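Down below is the structure, laid out as structure tokens.
The values are calculated or read from the model by the stated rules, or taken from the named source; none is laboratory data. This is a predicted model, so every value here is computed, not measured. Note that we place each Cβ from the backbone using ideal geometry, even for glycine, and neighbour counts take in every protein chain shown. Areas reflect the complete protein model, heavy atoms only, side chains present, ligands, DNA and RNA absent. Shrake-Rupley method; radii C 1.70, N 1.55, O 1.52, S 1.80 Å.
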Amino acid sequence: MKSPLLSLPGAVPAEGVDEAVAAHYGDLFREQRSLADGTGFVDLSHRAVVTVTGEDRLSWLHLLLTQHVTDLPAGRATEALILSAHGHIEHALYLVDDGETVWMHAEPGTQEALIAYLESMKFFYRVEVADRTADFAVVHLPAGSIAEVPQGVVVRETPYGRDLFLPRADLESYAADTEKHGPAVGLLAYEALRVENHQPRLGFETDHRTIPHELGWIGSAVHLQKGCYRGQETVARVQNLGKPPRRLVFLHLDGSEVHLPPHGTELHLAADGPDGRKIGFITTSVRHHELGPIALALVKRNVPVDAPLVADTTAAAQEVVVEP
């Protein structure tokens, strides 16, 4: 669903799954500094929006999700995953309950598969699942923003900022009122801060075999004191008996390179050179307004934490995100 904010001056469309919103509006680093300072807003209107209503909504979702939500207080934000039977990540959900409805946003284009799974698990529970993507747009206000939220808008507040479920019909008028919240900021700025904060994203840091332990989602999105959800056996087994095969790392990339290594670029030990054995791959690479070129990557668990790496021809230094 193409955002109307792509018509704003300087807007350049993002790529891939994010092509329906702006990558930037003409000044990437200014936009990053704006977000870091708590001003401006990010158009995330391409993200899927799904709601669950009904008196059984929390107890029912508790049975399906990796997160403990039975007693989720109204207004408290949380994250949750849906796993395959083998414990691989299928959906990453960002939720809040407003006292009557659970609101969640997810990756662009995933709502059909998500809703199909939820509908298949309704059984006798008193719940209704709805795709609200056509009616509501996600708008992100950064941490530190003092912008007022329009009356009646559902808000999901986290340490990294606030996600607003804004009526889609109000998106253009909201963007026009820059005195209240500052200018629109592109997705590349949002992604740069996401990488800086070591936050994984479904489809970027994940592939078909990713399990939650590899990305540090244990705790924030996976509650270890609950069971009875699909894939729980894998989570418990890895937590209690072993280690995940891979781990998420943060990389400082060589700033002298003109091009960033794209998603999927193979990683090798610098000592072995670019023709050595593959030990991982780049998941997201960005240019940060202070840190320069940085990235997230998945590497094999046994890669030494202090080993210099190379992504194609780009040198990379590790920082630990998930302990080996």
Have a look at 175, 130, 184 and point out the one that is surrounded by fewer than 18 Cβ atoms within 10 Å (Cβ to Cβ) and either at pLDDT below 95 or over 17 Å from the mean Cα position of the chain (by Cα) (or both). 130
The strands (runs of 3 or more DSSP E) lying entirely within region 88-141 that contain at least 3 residues which are closer than 24 Å to residue 158 by Cβ and either of a type in the set (Asp, Glu) or without any contact (Cβ under 8 Å) to a residue 60 or more places away in the chain (or both) are 89-97, 101-106
For region 294-315, check the following and say yes or no: at least one residue is closer than 28 Å to residue 37 by Cβ, in a strand (DSSP E or B) and touching a Lys or Arg at 6+ places or on another chain (Cβ under 9 Å). yes
Just name the residue that is least open to solvent (accessible area, probe 1.4 Å) out of those in region 59-87 that are of a type in the set (Val, Ile, Thr) and assigned to a strand (DSSP E or B). 82
Looking at 169, 189 in this structure, which one is assigned to a helix (DSSP H, G or I), surrounded by fewer than 19 Cβ atoms within 10 Å (Cβ to Cβ) and out of contact with any Ser or Thr (no Cβ under 6 Å at 6 or more places or on another chain)? 169
Kindly indicate which of 195, 155 is in a helix (DSSP H, G or I) and at pLDDT 95 or above. 195
Give the residue, chosen from 311, 307, that is surrounded by fewer than 17 Cβ atoms within 10 Å (Cβ to Cβ) and small (Gly, Ala, Ser). 307
Go through (1) surrounded by fewer than 19 Cβ atoms within 10 Å (Cβ to Cβ); (2) more than 17 Å from the chain's Cα centre (by Cα) one by one and return the number of the condition residue 160 breaks. (2)
Counting only residues that are aliphatic (A, V, I, L, M) and more than 13 Å from residue 250 (Cβ to Cβ), how many does region 280-310 have? 3
Confirm whether residue 258 is surrounded by fewer than 18 Cβ atoms within 10 Å (Cβ to Cβ), of a type in the set (Val, Ile, Thr) and without any contact (Cβ under 8 Å) to a residue 12 or more places away in the chain. yes
With touching a residue at least 60 places away in the same chain (Cβ under 8 Å), more than 26 Å from residue 262 (Cβ to Cβ) and of a type in the set (A, V, I, L, M) as the only criterion, which of 175, 184 stands out? 175
Working only within region 203-239, note down all residues that are part of a loop (DSSP other than H, G, I, E, B), over 13 Å from residue 80 (Cβ atoms) and open to solvent by 10 Å² or more (accessible area, probe 1.4 Å). 203, 204, 206, 207, 208, 209, 211, 216, 224, 225, 227, 228
